[in-house]
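The values are calculated or read from the model by the stated rules, or taken from the named source; none is laboratory data. Source: prediction; values computed, not measured. Ideal geometry is used to build each Cβ from the backbone, glycine not excepted, and the neighbour counts take in all protein chains shown. Side chains are part of the model used for accessible areas, which takes the heavy atoms of the whole protein and leaves out ligands, DNA and RNA. Shrake-Rupley method; radii C 1.70, N 1.55, O 1.52, S 1.80 Å.
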Amino acid sequence: MRGGPSVLGIVLAGGEGKRLMPLTADRAKPAVTFGGTYRLVDFVLSNLVNGDILRNCVLTQYKSHSLDRHVTTTWRMSSLLGNYITPVPAQQRLGPRWYLGSADAILQSLNLVHDEQPDYIAVFGADHVYRMDPRQMLQQHIENGAGVTVAGIRVPRAEASSFGVITPASDGVQVEGFLEKPAAPPGLPDDPGKVFASMGNYLFTTKVLVDALHRDAENEDSVHDMGGSILPMLTEQGMAQVYDFSDNRVPGETPREHGYWRDVGTLDSYYDAHMDLISRHPAFSLDNRKWPIYTHPGQLPPARFVSGGIASESIVSPGCVIRGQVTRSVLSPGVVVAEGAVVQGSVLHDNVTIGRGAVVRGSILDKNVDVPAGATVGVNPGRDQELYTVSPNGIIALGKGRLVV
């Protein structure tokens, strides 16, 4: 930040994403396609860059090739100004072992911190869909003199078991306790039906983080995780504060979009977040030019609609050829929908082909899936259950390159 405090961004992008299988069978979770032309990692990187955090390291581990390639080809910053976004693979700097957890990943990468010498470190997750101005969180962190500030979002108390839950003190800022996926946590004093869920975004004063990582490494009983180990440690020391995400204001957002954040860690949440994009009044719009989400869409021609092809309430990416009927769907680049084919309520990744007269409903098809002429997906629940991955809510998912039978 020119003329202000120096901030190093560390993006935790080593997630395996087992609950998103088969989409993560061949790639890390942050590399999964979202919204047609984007990858999940593009959302956190766009927030950091738009917020003037221009030096960022993306820590990778699990099946990282497509993620590494995307970051290096898309996120090219100005070397003249010393800015960069670089993927950092696991390097076993502290011995012959891979990362034991997110805290251990940063511990093994402290050379990045020593080289940069930042005043503050932003440790953000790489697999959520949202807009956020991190400068506002940084301002609170600096003004309050916190050791760590964690971003919290209010979620219904009934959903608390899916998140790390922050218990704020009476001032609403100091963190009194942190519970990992509790069954029945107390509600917030001003809203008993809700709790503060950790968004996985942290701002640290550099010395506080480095000291905490070293202490955590000496604890043989630790799980070496940012939320499970470092935050509870700093909470006990009275150094942790919460930043209420609902206070964050992003230029160009609509009232409907304010406070939007989705953890797309399951097939159902991933699908639902796509449906949020295409409603008449989107809960989350990709159109905000004052706070854009950046990516590299590739060199493809505009989408074509031929032979009576139509699409409604949908996102259709460059390179698509639509000869059939598409409704309430998101199509990535290069999708082909043949004459007489019907695609309804589906998410199709790059270069999916839907043959003549085929029907696809309520499905997620990974890149290069081929649906032959006359075939169906999402029409016969019993058959789909036998052949494909089906989510608890009935969404059908086919992995990369799968041939529909």
**Asked** Got at least one residue in the range 329-340 being of a type in the set (S, T, N, Q) and open to solvent by 20 Å² or more (accessible area, probe 1.4 Å)?
**Response** no
**Request:** Please verify whether the range 72-84 includes one or more residues that are closer than 16 Å to Gly125 by Cα and among the β-branched types (Val, Ile, Thr).
**Result:** no
**Fill in**
Checked pairs for the range 36-63, first in a loop (DSSP other than H, G, I, E, B) and modelled with pLDDT of 95 or more, second aromatic (Phe, Trp, Tyr) and crowded, with 20+ Cβ neighbours inside 10 Å, C-beta under 6 Å and 6 or more apart or across chains, list as Leu40/Phe34
**Request:** Quick one: count up the residues across the range 256-270 that are open to solvent by 30 Å² or more (accessible area, probe 1.4 Å), closer than 14 Å to Ala283 by Cα and part of a strand (DSSP E or B).
**Result:** 1
**Candidate set: the range 32-79, residues that are more than 14 Å from the chain's Cα centre (by Cα) and among the aromatic types (Phe, Trp, Tyr); chosen: the one nearest to Arg249 (Cα to Cα)** = Trp75
**Request:** Return a yes/no flag: does the range 345-367 have any residue that is assigned to a loop (DSSP other than H, G, I, E, B), within 30 Å of His281 (Cβ to Cβ) and more than 26 Å from the chain's Cα centre (by Cα).
**Result:** no
**Prompt:** Can you name the condition, by its number, that Gly177 falls short on among (1) assigned to a strand (DSSP E or B); (2) open to solvent by 20 Å² or more (accessible area, probe 1.4 Å); (3) over 26 Å from Leu8 (Cα atoms); (4) of a type outside the set (Lys, Arg)?
**Reply:** (2)
**Request:** Evaluate the range 124-133: report whether one residue or more is outside any strand (DSSP E or B) and surrounded by fewer than 21 Cβ atoms within 10 Å (Cβ to Cβ).
**Result:** yes
**Flag for Asn351 being within 18 Å of Val32 (Cβ to Cβ), out of contact with any Leu (no Cβ under 6 Å at 6 or more places or on another chain) and open to solvent by 40 Å² or more (accessible area, probe 1.4 Å)** = yes
